[in-house]
Amino acid sequence: MKLLPLCVAGTALLLSACSTTKPDIIDPRTFRAQGNEPGWHIDLQNGHANIALNYGDTRYSSSAAQTLIGSTQTRYTGQGPNGDWTLTVIKQECADTMSDQHYEYTSILKTEGMTLRGCGNYIQP
């Protein structure tokens, strides 16, 4: 019967070790996701997001919570003036359909009843 506390402690230690695993999409630089039709972008850095929608006509800032989804995806969530937003970042090559520029990441932003698809990269300082 004294084995139970040891198992619980061992499980807690194992879970804390797992939660420190970080895939290569975690980076302290600013990450910019952007897309077209309508033009939008979101800049993420240090738990904060700056969002521009509808070609920049709608702009707001928000805190951004980060959740790792496997080794190739990260989900960011926050609260905008018209409800929650979610950005999913996937480590998968993406090409901008208007400029033909290539990016390392595919991005999907869900906000204000819209699902906006685009690309993303880390911005070099």
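Since every read-out is calculated from the coordinates, none of them should be taken as a lab result. Since the structure is predicted, the reported quantities are computational estimates derived from the model, not experimental observations. Virtual Cβ from ideal backbone geometry, glycine too; neighbours counted across all protein chains shown.
Using a Förster radius of 22 Å, what is the FRET efficiency between GLN45 and THR67 based on their Cβ-Cβ separation? Nearest 0.05, please. List each step's numbers first, then the result.
Working: r = 17 Å, r/R0 = 0.76.
E(calc), rounded to 0.05, equals 0.85.
Please work out the Cα center distance from segment 45-71 to segment 72-90, rounded to the nearest Å.
Taking the Cα centre of segment 72-90 as reference, the centre of segment 45-71 is 7 Å away.
Using the Karplus equation 6.51 cos²θ - 1.76 cosθ + 1.60 (θ = phi - 60°), what ³J(HN,Hα) coupling, rounded to whole Hz, does each residue of segment 91-107 give in order, writing x for Gly and Pro?
6, 8, 3, 9, 10, 5, 5, 9, 9, 6, 6, 9, 10, 7, 10, 9, 10
Using the per-residue mean of other Cβ atoms lying within 10 Å as a proxy for protection, in what order, highest first, do the peptides 96-102, 78-84 fall?
78-84, 96-102
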